[in-house]
């Protein structure tokens with residue numbers, strides 16, 4: 001449990017090892033579902049067993065494997081949907097009165113404050129949700145990996161800048177909660193990613209883009225483990 005009064009509950013659901021999160025404000029039991037998908041009954045049952053009141057839905061991005069449970073959740077509870085304006089424009093799908101945000105905006109969940117970070121690269125309006133010293137990163141940053149940039153809306157140059165900014169701006173002890181269980185561990189600190197995530201090692205945008213688009217998927221297999229700068233150099237990849 002966080003000293004800030006919130007708790008993040010993780011569920012691994014569906015055929016793509018998605019992490020769906022329940023963000024609980026401990027004082028009020030108000031709860032946000034992050035990226036509801038695949039097994040709506042499990043999400044609802046988990047919230048009920050924990051005595052949580054789902055009031056909000058937070059979307060990191062609009063790919064099908066992260067949003068296919070929205071309607072199911074809304075059929076059970078009256079919740080507000082939140083996403084970034086550029087993602088809504090990219091998605092071009094009608095939602096019933098969504099709350100559209102800009103990067104840097106803050107959402108109040110009971111007594112807890114959630115800051116929305118605009119982190120483009122996987123999609124134009126990808127978002128990370130920061131609570132205290134923890135951050136839910138969707139398909140932007142995985143443990144020892146990052147999201148693909150060859151899918152609809154992907155942009156490796158934007159991903160390079162996003163990861164560079166995260167590395168420079170966020171504290172190294174910040175705890176990361178990724179969008180998929182693709183690694184040897186479910187969570188990690190940013191400092192561990194700076195040391196062992198190959199996508200964090202590049203200081204040249206062109207090299208990063210080549211690695212993300214043409215090399216990574218041919219040279220690494222899940223579950224992803226730490227890969228140091230030295231290991232990349234030995235493999236002539238840096």
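Of note:
- Screening the candidates 96, 78 for the property of being farther than 19 Å from residue 151 by Cα, assigned to a loop (DSSP other than H, G, I, E, B), more than 19 Å from the chain's Cα centre (by Cα) and at pLDDT 95 or above yields one hit, 78.
- Some residue of segment 172-183 being touching a helix residue (DSSP H, G or I) at 6+ places or on another chain (Cβ under 7 Å), free of Cβ contacts under 8 Å to residues at least 40 places away in the same chain and either surrounded by fewer than 20 Cβ atoms within 10 Å (Cβ to Cβ) or under 17 Å from residue 139 (Cβ atoms) (or both): yes
- Among the candidates 25, 65, the residue that is modelled with pLDDT of 95 or more, within 22 Å of residue 131 (Cβ to Cβ) and surrounded by 14 or more Cβ atoms within 10 Å (Cβ to Cβ) is uniquely 25.
- Residues satisfying the stated conditions in segment 179-238, i.e. within 15 Å of residue 163 (Cα to Cα), in a loop (DSSP other than H, G, I, E, B) and out of contact with any strand residue (DSSP E or B) (no Cβ under 8 Å at 6 or more places or on another chain): 201, 202, 203, 204
- Residue tally, condition in contact with a strand residue (DSSP E or B) (Cβ under 7 Å, 6 or more places away or on another chain) and either under 13 Å from residue 68 (Cβ atoms) or modelled with pLDDT under 95 (or both), over segment 34-55: 6
Listed here are the residues, each with its yes/no results for (1) more than 14 Å from the chain's Cα centre (by Cα); (2) closer than 21 Å to residue 116 by Cα; (3) crowded, with 22+ Cβ neighbours inside 10 Å.
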position	(1), (2), (3)
35	no, yes, yes
43	yes, no, yes
46	yes, no, no
50	yes, no, no
53	yes, no, no
60	no, yes, yes
72	yes, no, no
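- Test: residue in segment 134-153 that is on the phi > 0 side of the Ramachandran plot and outside any loop (DSSP other than H, G, I, E, B): yes
The values are calculated or read from the model by the stated rules, or taken from the named source; none is laboratory data. Source: prediction; values computed, not measured. For neighbour counting, all protein chains shown are included, and Cβ atoms are generated from backbone atoms with ideal geometry for every residue, glycine included.
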